[in-house]
1. Go through segment 354-385 and give me each residue that's open to solvent by 10 Å² or more (accessible area, probe 1.4 Å), assigned to a strand (DSSP E or B) and under 19 Å from THR331 (Cα atoms).
2. Which residues, counting only those in segment 267-287, are part of a loop (DSSP other than H, G, I, E, B) and either open to solvent by 50 Å² or more (accessible area, probe 1.4 Å) or in contact with a Phe, Trp or Tyr (Cβ under 7 Å, 6 or more places away or on another chain) (or both)?
3. Would you point out the residue of segment 119-133, among those that are assigned to a strand (DSSP E or B), out of contact with any Leu (no Cβ under 7 Å at 6 or more places or on another chain) and over 17 Å from VAL17 (Cα atoms), that is nearest to the ligand (Cβ to nearest atom)?
4. Every residue in segment 230-264 that is more than 16 Å from the ligand (Cβ to nearest atom), under 27 Å from ARG457 (Cα atoms), at pLDDT 95 or above and part of a loop (DSSP other than H, G, I, E, B), please.
5. Go through GLY151, GLY192 for me and flag whichever is out of contact with any Pro (no Cβ under 6 Å at 6 or more places or on another chain), at negative phi and outside any strand (DSSP E or B).
6. Identify, by number, the condition in (1) over 24 Å from GLY355 (Cβ atoms); (2) within 16 Å of the ligand (Cβ to nearest atom); (3) open to solvent by 10 Å² or more (accessible area, probe 1.4 Å) that TRP113 doesn't meet.
7. For segment 66-81, which residues satisfy the criterion of being part of a strand (DSSP E or B), more than 10 Å from the ligand (Cβ to nearest atom) and not charged (D, E, K, R)?
8. Failed condition for ARG324, given (1) within 16 Å of the ligand (Cβ to nearest atom); (2) in the same structural domain as LEU474 (by TED's automatic domain parsing), with all others met?
Amino acid sequence: MQFSNPVVPGFHPDPSVCRVGEDYYLATSSFEYTPGIPLYHSHNLADWEPIGHCLTRPSQLPLENASASEGIFAPTLRYHDGTYYVISTNVSDGGHFVVSATDPRGEWSEPTWIDAPGIDPDLFWDDDTVYVTYREGEAGIAQAELDLETGALGESRVIADRLAGDYTEAPHLYEIDGTYYLVVAEGGTHTGHMVCVARSDRPDGPFEPCPDNPVLSHRGVSEMYTPIQATGHGDLIEAHDGTWWLVFLGIRQFGGYPGWHHLGRETFLAPVEWVDGWPVVNGGERITPELSVPDTDLERAPRADWTTTDPFAGTDLGPEWNGRYARERYTVGDGVLSLEGGPETLEERGVTFVGRRQQHLECTARARLEFDPRAGEEAGLTLFYDERHHYALALTRREGERRVVVRLRIGDATAVVADRDCPAGAVDLTVEGTPETYRFGFEANGSRTSLASASTRYLSTEVAGGFTGVYVGLYATGHGSDCEEPARFTAFEYRPLAD
Ligand code: 6LW
């Protein structure tokens, strides 16, 4: 099988997979985005399709206390005895929790909360005993028995720390032919990131570290040679043909030295072989954008090409769409997405916003907007990293005139870099993304106007910090009061150009 990495492009960190027969499911972190924990389905681990989310109700996803890059951290997805389980952490409210479902497409249960510190919980069944293994904090990887019904934990013990570096996290535990394997990440989730392994003849250790740790890392691999960096945080899986694989996160850094990445941490795939009872990832070679794995019966399938051409025909948005902090103040139907702008602006949490991830370095986005703003009102298209790092291409009213503006918010600075008169009627707002630049324009009355361009760099994790990636969003705001009329989006298109 030949495939391209990343297999799930755009902001999809901390991937976790499970298999049921020939069906594969994948979950990733979602932080402050709603619904929480996106789920994907595949028949071959390489071609994934969005199927929904685990956390679709406010009762499952309290985000009142969350800021950008808080909320939902790394999930583990497992299937046991007819039920799918996801264990994850809401770092802003409630801590670790488990939700379950008999159909991964939903509905998922209410959370069972688990009273333990830390992040990155893993769920493992050893016969009837359920273990939770998690990053406790400075002490390293802790483990305790879990009562799945009540969330009650037994006594917790530290079982591993610092196999090849610092900051041991992202544990996953497996039993393979009578041996227990502990896979962890180390080195932090940037260019020092690694995957390390240890094994034991018991699920609770003691664990013997692999002599070849890290089994995967691009630390020390210059971005001059490959944009793929930060490979780490992996989950092992045996495919239905008996081949083994690692699903893990990585980033694509561009733009010279030091490079940056604005699409967030993405989901990658590599084959695994077993040598002397230890996993060897991709034959010990670096991860490349194209991988060829001859010794597998897995076959490529028609792949989601990640294009969105939304005529807003249904009564809700498709699974690629998200809100931030809460889903509200929009309606969909009859070919219109109506956004009811509230007082909050893009600089504040709570702005009326829906978006889908930018998943490709080269892409276009276009939104058709029908909106006659009053003074102070605005709606449009945004490239959004967080409240302090985003670009907006908006329809607004200034000094009585309807105008199209491009506004950049980069940290402490805000600037309007284009401001043009806009004729009456529907307007198409357009963005072209290249690895290093966004170009903004609009079309109205059949004529096209180029407005401005801006560097992708300032919407990157290296500049903004945090754990997420850029969204292509639609938003509306009344700048301090509610908009009189909703902003009516009658078309939206996101199209990859390359990758
Ligand atoms: C996650 C941790 C990590 O909990 O980043 O890559 C944290 N590693 O395991 C947030 O995604």
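The values are calculated or read from the model by the stated rules, or taken from the named source; none is laboratory data. What you see is a predicted model; the values in this text were computed from it and never measured. Glycine also receives a Cβ, built like all others from the backbone with ideal geometry; neighbour counts cover every protein chain displayed. These accessible areas exclude ligands, DNA and RNA; they are computed on the full protein's heavy atoms, side chains included. Shrake-Rupley method; radii C 1.70, N 1.55, O 1.52, S 1.80 Å.
1. ARG368, GLU370
2. We begin by selecting, within segment 267-287, every residue part of a loop (DSSP other than H, G, I, E, B); these are 276-277, 285-287.
Once the filter is applied, which keeps residues that are part of a loop (DSSP other than H, G, I, E, B) and either open to solvent by 50 Å² or more (accessible area, probe 1.4 Å) or in contact with a Phe, Trp or Tyr (Cβ under 7 Å, 6 or more places away or on another chain) (or both), segment 267-287 yields ASP276, GLU285, ARG286, ILE287.
3. Taking segment 119-133 as the starting set, the residues that turn out to be assigned to a strand (DSSP E or B) are 119-126, 129-133.
Next, from what is left, pick out any that are out of contact with any Leu (no Cβ under 7 Å at 6 or more places or on another chain): 119-121, 123, 125-126, 129.
So of that shortlist, the ones also over 17 Å from VAL17 (Cα atoms) come out as 119, 126, 129.
On the way: ILE119: 5, ASP126: 23, THR129: 24 Å.
It comes out as ILE119.
4. Our first condition is that a residue be more than 16 Å from the ligand (Cβ to nearest atom); within segment 230-264, this holds for 237-245, 254-260, 262.
Checking which are under 27 Å from ARG457 (Cα atoms) leaves us with 254-260, 262.
Now restrict to residues that are at pLDDT 95 or above: 260, 262.
Residue satisfying the conditions is HIS262 alone.
5. Values: GLY151 fails: at negative phi.
Going through GLY151, GLY192 in turn, just one is out of contact with any Pro (no Cβ under 6 Å at 6 or more places or on another chain), at negative phi and outside any strand (DSSP E or B): GLY192.
6. The failed condition is (2).
7. Going through segment 66-81, the residues part of a strand (DSSP E or B) turn out to be 72, 76-80.
Checking which are more than 10 Å from the ligand (Cβ to nearest atom) leaves us with 76-80.
Answer for segment 66-81, where residues must be part of a strand (DSSP E or B), more than 10 Å from the ligand (Cβ to nearest atom) and not charged (D, E, K, R): THR76, LEU77, TYR79, HIS80.
8. Tallying (1) within 16 Å of the ligand (Cβ to nearest atom); (2) in the same structural domain as LEU474 (by TED's automatic domain parsing), ARG324 fails exactly one: (1).
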